[in-house]
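Asker: Once you've had a glance at the structure underneath, I'll fire off some questions.
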Amino acid sequence: MKEHEMMTHDHMDQMDMAHGDHMNMNDMDMDMGDGHMMHMGNLKRKFWVSLILTIPIILMSPMMGVTLPFQLTFPGSDWVVAILGTILFIYGGAPFFSGAKAELQMKQPAMMTLITMGVGVAYIYSIYAVIANDLFHVTPMVNNFFWELSTLIVIMLLGHWIEMNTVMNAGSAVDALGKLLPQTAHVVDDAGTTHDVSLNDLQVGQIVVVRAGEQIPADATIVTGTSAVNESLVTGEAAAVKKVTGDQVIGGSVNGTGTFTAKVTGTGDSGYLAQVMDLIQNAKNAKSTSENLADRVAGWLFYAALFVGILAFLIWLTVANLAVALPVAVAVFVIACPHALGLAVPLVVARSTALAAQNGLLIRNRNAMEDVKHLKFALMDKTGTLTMGHFQVNHLISLDQDYSEETILRLLASLESGSSHPLATGILSAAKAQQITYTAATDTHQETGMGQFGTIDDITYGVVAVSYLEQHHLTYDQAQFKTLAAEGNSLSYLVTGDRVLGLVAEGDQIKPNAQHLVSELKRQGITPVMLTGDNQETANKVAHAVGIEDVQARLLPEDKERLVQQYQASGKVLFIGDGVNDAPSLARADIGMAIGSGTDVAIESADIILVASDPADVIQFLDLARATTRKMTENLWWGAGYNLIAIPLAAGILAPIGFMLDPMVGAVIMSLSTVIVAINAMTLKLKPVK
Ligand SMILES: Nc1ncnc2c1ncn2[C@@H]1O[C@H](COP(=O)(O)OP(=O)(O)OP(=O)(O)O)[C@@H](O)[C@H]1O
Ligand SMILES: [Cu+]
Ligand SMILES: [Mg+2]
């Protein structure tokens with residue numbers, strides 16, 4: 001496993017290089033591809049060469065207890081075996097030796113050190129055996145271990161080759177998935193209209209709009225607007241930094257609640273792409289607790305094997321002699337090789353990661369998987385999570401005779417052009433449909449959970465929730481509100497000062513799989529709860545349609561987070577959300593799951609990203625997580641269990657009743673346990689839920 005980790009680091013170095021040299025993701029992939037080929041080529045070639053070298057060694061080795069009809073031994077054949085064995089030891093053993101060196105440098109001896117110790121002692125002992133037999137003609141003849149040594153190296157090369165292969169296949173599936181995440185910037189052209197441009201096509205000098213909660217697409221200088229920007233992802237500095245006109249913003253950092261326009265000063269290599277790559281890389285490298293457990297167990301086994309080996313050697317030396325004691329010690333070291341254990345977890349992880357990627361799940365934090373079996377509550381947001389978030393304007397009503405409906409829509413569109421909220425898209429498309437011209441409001445900022453504010457022709461306007469009106473003691477027609485809301489509309493009011501100018505009612509559709517998600521959660525004994533910033537009536541309507549009984553509406557972001565904490569007092573909590581208002585809850589929950597089409601802050605705060613934005617994928621994740629955790633536990637037992645039984649047997653614990661585990665038999669059992677672990681991992685499957 002350590003070996004694998006080192007190789008992954010190599011990949012990362014290569015990737016970074018590629019990243020510096022090239023400007024787009026396709027090039028980067030090619031370079032990564034080459035990197036993979038190179039590493040794989042090595043192990044693959046080493047395996048085949050070692051296998052070919054092993055055949056004559058087996059044929060020329062006198063095998064204890066087994067007399068094969070086609071054995072080829074001749075005077076001096078021992079020396080041929082010794083020479084072939086030496087070549088194989090140096091050539092095939094090299095990856096393990098360098099792995100052991102790295103482990104020892106980190107003062108964490110584990111799997112690679114054990115393998116090295118096993119094959120090293122076996123090699124030295126075998127050379128000694130050949131010299132003793134042929135030059136000094138000792139009696140009885142000393143058995144050499146070349147047969148075991150070479151098969152051991154071959155099996156281990158094969159294991160690592162398979163392991164790398166699966167891990168990498170999983171990795172490329174994850175890469176492909178990462179590309180599905182939106183990577184666009186909103187560019188403002190000379191005519192003042194905004195359109196989305198792929199990050200690869202973004203050019204220095206272009207003006208981009210950055211809305212609340214969005215990731216800044218590239219390094220840029222602010223032209224208009226102010227905001228507070230969270231640069232922690234880039235600089236590690238946690239506090240939000242206030243940014244005003246003329247300030248430099250860093251690509252990849254996350255915008256706060258203000259909207260601003262900025263002139264791009266650097267593209268391609270800058271922030272956001274690096275962030276996406278990081279996201280993917282972290283998804284591939286992040287270790288869960290069971291992976292760390294496997295590492296730790298391998299470490300313990302190292303000391304256990306060392307201790308048992310030396311102890312057995314000393315005991316056998318006193319009760320018998322060196323000729324008995326030495327092979328026993330070697331057998332312990334050889335058998336202690338926790339090969340199955342080393343593969344147990346990575347193979348499951350690789351398989352699980354690949355399955356996740358194929359099913360549209362980007363897993364950033366694998367520890368989240370281990371929490372699934374204790375899951376009690378699934379708290380979810382409404383807009384964009386259970387509903388499409390594709391709003392359409394159903395009613396547009398003027399509440400002040402000085403303002404025509406057209407003026408209301410124009411003002412609304414001006415405000416919303418700087419908003420990332422789903423309600424904004426509905427208003428903007430209505431304005432477009434009615435061919436209304438508008439200019440973007442200035443000084444726009446979002447009051448999360450409340451509304452969007454900005455200045456148009458020196459007057460400050462806001463498009464706000466009903467709770468804002470109540471808070472500011474502005475009167476409105478409650479009966480009208482109730483009627484429209486009961487139809488399932490999300491309502492927003494246009495206000496300026498203490499005047500309520502108009503009202504917009506927008507409708508949304510429930511996602512096709514939302515109901516399925518809720519009924520499946522209930523079937524699994526997980527209580528679904530809806531937490532929404534929207535009004536109570538609309539919330540009830542959607543909740544009723546999908547089957548949720550527990551609904552909390554008109555929540556501010558901090559209310560949602562507080563509720564997550566409250567539910568956590570009685571069990572593990574999953575939170576599913578998409579908006580700026582969900583980010584604190586996503587970070588707070590035991591498992592935070594963001595909708596892929598959601599805002600960048602939500603994605604950054606989550607453990608899991610549902611790339612396809614499909615509610616049914618939540619169930620896929622729960623199934624996958626349970627299956628993965630189960631396979632990992634099984635494999636850990638298979639892997640460690642072999643060692644727990646084989647080490648004492650090799651040490652001769654049953655010698656009093658006449659049973660000594662032959663090192664060869666041990667090697668065969670070891671390969672078998674490896675095969676079992678591999679097959680068990682490969683049979684991890686996910687049944688379709690859609
Ligand atoms: N950009 C905006 N345009 C219009 N109204 C807004 C805007 N932002 C917020 N609001 C008002 O504030 C309310 C709460 O918004 P918030 O983003 O917290 O929740 P939501 O998106 O409606 O629902 P959910 O929490 O389920 O996603 C909205 O229902 C709306 O009335
Ligand atoms: Cu092994
Ligand atoms: Mg939402």
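Asker: Rank these for me by crowding, ASP590, ASP458, going from fewest to most other beta carbons within 10 Å.
Answerer: So the residues, fewest neighbours to most, are ASP458, ASP590.
Asker: In whole percent, what relative contact order does the stretch 392-507 give with Cα contacts below 8 Å and a gap of six or more residues? Before the final figure, lay out the partial values.
Answerer: On the way: 203 pairs, mean separation 36.1, N = 116.
Result for the stretch 392-507 is 31 percent.
Asker: Continuing with this model, one more query. Taking amide H positions as placed in the peptide plane 1.01 Å from N, state which residues far from GLU214 in sequence (5 or more) or on other chains have amide H under 5 Å from it.
Answerer: ASN255
Asker: If amide hydrogens are placed 1.01 Å from N in the peptide plane, which non-local residues have theirs closer than 5 Å to the one on VAL223?
Answerer: Hits under the 5 Å cutoff: GLY246, THR261, ALA262, LYS263.
Asker: Could you sort out which of LYS432/LYS511; LYS511/LYS572; LYS511/LYS541; LYS243/LYS432; LYS522/LYS687 sit more than 21 Å apart by Cα distance in this structure?
Answerer: The pairs that break the limit, which is 21 Å between Cα atoms, are LYS432/LYS511; LYS511/LYS572; LYS243/LYS432.
Asker: Remind me, what semi-axes does the stretch 513-606 give for its equivalent ellipsoid, largest first in whole Å, using sqrt of 5 times each Cα gyration tensor eigenvalue?
Answerer: On the way: eigenvalues 71, 48, 39 Å².
Taking √(5λ) for each Cα gyration eigenvalue gives 19, 15, 14 Å.
Asker: For a quick check: sort VAL464, VAL500 by the number of other beta carbons within 10 angstrom, fewest at the front.
Answerer: Working: VAL464 22, VAL500 19.
Result, fewest neighbours first: VAL500, VAL464.
Asker: Given H placed 1.01 Å from N in the peptide plane, which residues other than close sequence neighbours of GLY502 have an amide H under 5 Å from its amide H?
Answerer: It is LEU399, LEU494, by chain and number.
Asker: Normalising by the residue count of the stretch 544-598, find the relative contact order in percent from Cα pairs under 8 Å and 6+ residues apart.
Answerer: Details: 60 pairs, mean separation 17.7, N = 55.
32 percent.
Asker: To continue, here is another question. Peptides 506-513, 424-431: what's the order by average Cβ count within 10 Å, highest mean first?
Answerer: Numbers: 506-513: 18.6, 424-431: 21.0.
Order by mean packing, descending: 424-431, 506-513.
Asker: Quickly rank 676-685, 442-451, 414-423 as a protection proxy: mean count of other C-beta atoms within 10 Å, highest first.
Answerer: Working: 676-685: 17.6, 442-451: 20.7, 414-423: 25.4.
Highest mean packing first, the order is 414-423, 442-451, 676-685.
Asker: Can you give me the convex hull volume of the Cα atoms of the stretch 392-507, divided per residue and expressed in Å³? Don't skip to the answer; put the middle values down first.
Answerer: Working: hull volume 11.0 nm³, N = 116.
Hull volume normalised by residue count: 95 Å³.
Asker: Tell me the relative contact order for the stretch 530-629 as a rounded percent, counting alpha carbon contacts under 8 Å between residues six or more apart. Show your work: numbers first, answer last.
Answerer: Values: 158 pairs, mean separation 17.5, N = 100.
Averaging sequence separation for qualifying contacts and normalising by length gives 18 percent for the stretch 530-629.
Asker: If you count, for each residue, the other Cβ atoms within 10 Å and average over each peptide, how do 219-225, 470-476 line up from highest to lowest? Walk me through the intermediate numbers first.
Answerer: Working: 219-225: 19.9, 470-476: 12.0.
Top to bottom by mean Cβ count within 10 Å: 219-225, 470-476.
Asker: Determine ³J(HN,Hα), in whole Hz, for all residues of the stretch 123-135 in sequence, where each value follows from phi through the Karplus function 6.51 cos²θ - 1.76 cosθ + 1.60 and θ = phi - 60°; x replaces Gly and Pro.
Answerer: Whole-Hz 3J(HN,Hα) from phi for the stretch 123-135: 5, 4, 5, 5, 4, 4, 4, 5, 5, 4, 5, 7, 8.
None of the figures in this text is laboratory data; all of them are computed from the coordinates on show. These numbers come from a predicted model, not from an experiment. We place every Cβ from the backbone using ideal geometry, glycine too, and count neighbours over all the protein chains shown.
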